[in-house]
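The values are calculated or read from the model by the stated rules, or taken from the named source; none is laboratory data. Everything numeric here is computed off the predicted structure, so don't read it as measured data. Reconstructed Cβ throughout: ideal geometry from the backbone, glycine too, with neighbour counts over all protein chains shown.
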Amino acid sequence: MAQYKDNDTPRKKEMLRDAAVRVFRQKGYAFATIRDIAAEAGIQKGSVYYYVTSKEDILADILQYDMHILIARLEQICGSELPAEEKLRQALTAHLTRMMERQDAAILVNRELHMLSPEKREVVVALRDRYEGLLGSIIDEGVRTGDFDEVDVRLTKLAIVGMYNAVAYWFSPSGPCSPEQIAESFTNLIFYGLLQPQGDSCPKRVRRLGHELRQHVTALQSTLQTFHATQLEILSDVHRALSDTDSTLSSTRRLP
């Protein structure tokens, strides 16, 4: 049996977690065994129980681990001073990148969550709700500031999460598009719906910009009117001065 030092535990647990992800993805959670996971990790079966107590513990750890990573990144973005538009761009890129980097784990969240006991499943669902709540808060902020159109925040966040999670099922590292290209294309697709007019509707941001433009035009018109009035006064003063000069010259000519 392999011997492990205490300071090796995080690294060994990560190795075991990654091995379990591959086994669960290939065989399915129901048909995978601790022996399969141990063989994939290159350790003996008994060594697995040094880190976990059951196969279910391994699955719960996998699902919670990736949710914690996503939440930590999203909390960092939400806590920044960036405008809502940039927050959402970074959040979407981080989510999609994670789905492509951890394809097998991302698929397990959707495919095997129901295999957990109610208690363990509630923990993962709470993490998922926390993540979706943070994403929704960014969209809501954008709606309130006028950066986004007045969309249904709940439906929008669910559509985004569903669309981005699905990438794990079809993405291929050897495919024609790189992760960066896919992230950019998806983000542009989302923002086209949030920032651009659709049909006869006019996004709140465009209406706000139009209102600001009208204010500037009104101020400019007022300035021009004041300038025009001042110009008229100057011309009137010049005209009077010229008239006075003509009168003075005429009087001078009549002197003996």
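Show the residue pairs that are 6+ apart or on different chains and have beta-carbon atoms under 9 Å apart, the first residue being within region 86-107 and acidic (Asp, Glu), the second being at pLDDT below 90 and part of a helix (DSSP H, G or I).
Hits for this filter: 101/179; 104/168.
Working carefully through the options 85, 119, 75, find the one that is acidic (Asp, Glu), touching an Asp or Glu at 6+ places or on another chain (Cβ under 8 Å) and assigned to a helix (DSSP H, G or I).
After ruling out the rest, the residue left standing is 85.
For region 10-58, give me each residue that is touching a residue at least 40 places away in the same chain (Cβ under 8 Å) and more than 38 Å from the chain's Cα centre (by Cα).
43, 44, 46, 47, 50, listed by residue number.
Could you tell me which of the residues 164, 169 is among the hydroxyl-bearing types (Ser, Thr, Tyr), more than 15 Å from the chain's Cα centre (by Cα) and part of a helix (DSSP H, G or I)?
Of 164, 169, the one residue that is among the hydroxyl-bearing types (Ser, Thr, Tyr), more than 15 Å from the chain's Cα centre (by Cα) and part of a helix (DSSP H, G or I) is 169.
Residue by residue through region 15-35, note down the ones that are part of a helix (DSSP H, G or I) and either surrounded by 20 or more Cβ atoms within 10 Å (Cβ to Cβ) or touching a Phe, Trp or Tyr at 6+ places or on another chain (Cβ under 9 Å) (or both). So that I can check it myself, show each step before the final result.
Narrowing region 15-35 to residues part of a helix (DSSP H, G or I): 15-27, 34-35.
If the condition is that a residue be part of a helix (DSSP H, G or I) and either surrounded by 20 or more Cβ atoms within 10 Å (Cβ to Cβ) or touching a Phe, Trp or Tyr at 6+ places or on another chain (Cβ under 9 Å) (or both), then 16, 17, 19, 20, 21, 23, 24, 34 are the ones that fit.
Which pairs have Cβ atoms under 7 Å, sit 6 or more apart or on different chains, and link a residue in region 143-156 that is within 14 Å of residue 88 (Cα to Cα) to one that is among the acidic types (Asp, Glu)?
Cβ pairs passing all conditions: 143/150; 147/85; 153/140.
Going by the conditions given, is residue 52 over 15 Å from residue 131 (Cβ atoms) and among the β-branched types (Val, Ile, Thr)?
For residue 52, the condition - over 15 Å from residue 131 (Cβ atoms) and among the β-branched types (Val, Ile, Thr) - is met.
Looking only at region 14-43, which residues are of a type in the set (D, E, K, R) and modelled with pLDDT under 90? Show your work before the answer.
Of all residues in region 14-43, those of a type in the set (D, E, K, R) come to 14, 17-18, 22, 25, 27, 35-36, 40.
The answer is 14, and nothing else.
Being closer than 30 Å to residue 29 by Cα and either at pLDDT below 90 or not assigned by TED's automatic domain parsing to the domain that holds residue 62 (or both) is the requirement here; does residue 168 meet it?
yes
From (1) under 25 Å from residue 28 (Cα atoms); (2) touching a residue at least 60 places away in the same chain (Cβ under 8 Å); (3) of a type in the set (S, T, N, Q), pick out the condition that doesn't hold for residue 174.
So residue 174 meets the others, but not (2).
Within region 146-161, restricting attention to residues that are under 15 Å from residue 191 (Cβ atoms), β-branched (Val, Ile, Thr) and part of a helix (DSSP H, G or I), which residue is nearest to the chain's Cα centre (by Cα)?
This residue is 160.
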